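Data block below; observations after.
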Amino acid sequence: MAAQYSDDAAPLVNPAENSTSLPVICKISLPDLRDALRLGWEDFKAVPTHAFNLCMIYPLVGLGLARMVLGYSVLPLFFPLAAGFALLGPFAALGLYELSRRRERGEEPTVWNYVEVVRSPSMGAMLGLGTLLLALFVT
């Protein structure tokens, strides 16, 4: 299998190649995690308002859930609700993922790009995952 390599030496698999060959498994090391944090910080510096809004809305909804639990004397449900609410985090961050993807392609991210993730071809799969996470949360 002739694999192509990018600047970071991560193999790119060509789907037209023979599918019977084994996939290449890359190990994630500490420098990879540092690069991911660095790139995330660069995304935040480029578009700080979107990340800030999400980082404000998500905790406020969590605090609202906590207030609901504390108001009805079902305190033992607080910790399962908090853990379940954390399951929805990746689904809530879909807009931020779209902004990062557009920055990576060299496009200027805008507010509308944050919402355009809804028109993505993989929106059905994302909704399926969000529904599964929501079902786990409710359960």
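Restricting to the stretch 78-94, name every residue that is in a helix (DSSP H, G or I) and under 25 Å from Val47 (Cα atoms). First the steps, then the outcome.
First, pick out the residues of the stretch 78-94 that are in a helix (DSSP H, G or I): 78-87, 89-92, 94.
Scanning the stretch 78-94 gives Ala86, Leu87, Gly89, Pro90, Phe91, Ala92, Leu94.
Kindly provide the set of residues from the stretch 116-133 that are assigned to a helix (DSSP H, G or I), touching a residue at least 12 places away in the same chain (Cβ under 8 Å) and more than 24 Å from Phe85 (Cβ to Cβ), ordered by number. Explain how you work it out, then say what you get.
As a first pass, look at the stretch 116-133 and keep what is assigned to a helix (DSSP H, G or I): 116-119, 123-133.
Keeping just the survivors that are touching a residue at least 12 places away in the same chain (Cβ under 8 Å) gives 116-117, 126, 129-130, 133.
Passing the criteria: only Glu116.
Taking the options Arg119, Arg105, Arg101, name whichever one is loosely packed, with under 11 Cβ neighbours inside 10 Å, modelled with pLDDT of 80 or more and basic (Lys, Arg). Before the answer, list the steps.
Working: Arg119 fails: modelled with pLDDT of 80 or more; Arg101 fails: loosely packed, with under 11 Cβ neighbours inside 10 Å.
When all the criteria are applied, what remains is Arg105.
May I ask you to list the residues in the stretch 60-74 that are at pLDDT 75 or above and either touching a helix residue (DSSP H, G or I) at 6+ places or on another chain (Cβ under 6 Å) or of a type outside the set (Val, Ile, Thr) (or both)?
Hits for the stretch 60-74 are Leu60, Gly62, Leu63, Gly64, Leu65, Ala66, Arg67, Met68, Val69, Leu70.
Taking the condition of being more than 30 Å from Thr139 (Cα to Cα) and without any contact (Cβ under 8 Å) to a residue 24 or more places away in the chain, how many residues in the stretch 76-115 meet it?
Going residue by residue through the stretch 76-115, those that are more than 30 Å from Thr139 (Cα to Cα) are 99-113.
This time we only want the ones that are without any contact (Cβ under 8 Å) to a residue 24 or more places away in the chain, so: 101-102, 104-108, 110, 112-113.
Residues meeting the conditions: 10.
Quick grid of which residues meet (1) touching a helix residue (DSSP H, G or I) at 6+ places or on another chain (Cβ under 7 Å); (2) not in a helix (DSSP H, G or I):
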position: Val24; (1), (2): no, yes
position: Lys27; (1), (2): no, yes
position: Leu37; (1), (2): no, no
position: Phe52; (1), (2): no, no
position: Pro76; (1), (2): no, no
position: Leu96; (1), (2): yes, no
position: Ala135; (1), (2): no, no
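Within the stretch 65-74, which residues are more than 19 Å from Thr139 (Cα to Cα), assigned to a helix (DSSP H, G or I) and of a type outside the set (D, E, K, R)?
If the condition is that a residue be more than 19 Å from Thr139 (Cα to Cα), assigned to a helix (DSSP H, G or I) and of a type outside the set (D, E, K, R), then Leu70, Gly71 are the ones that fit.
Name the residue, out of Ala82, Ala93, Ala86, that is over 18 Å from the mean Cα position of the chain (by Cα) and among the small types (Gly, Ala, Ser). Outline the logic, then answer.
Numbers: Ala93 fails: over 18 Å from the mean Cα position of the chain (by Cα); Ala86 fails: over 18 Å from the mean Cα position of the chain (by Cα).
Among Ala82, Ala93, Ala86, only Ala82 is over 18 Å from the mean Cα position of the chain (by Cα) and among the small types (Gly, Ala, Ser).
The values are calculated or read from the model by the stated rules, or taken from the named source; none is laboratory data. Remember, predicted model here, so these are calculated numbers, not experimental data. FYI the Cβ positions are ideal-geometry reconstructions off the backbone, even for glycines, and counts take in every protein chain you see.
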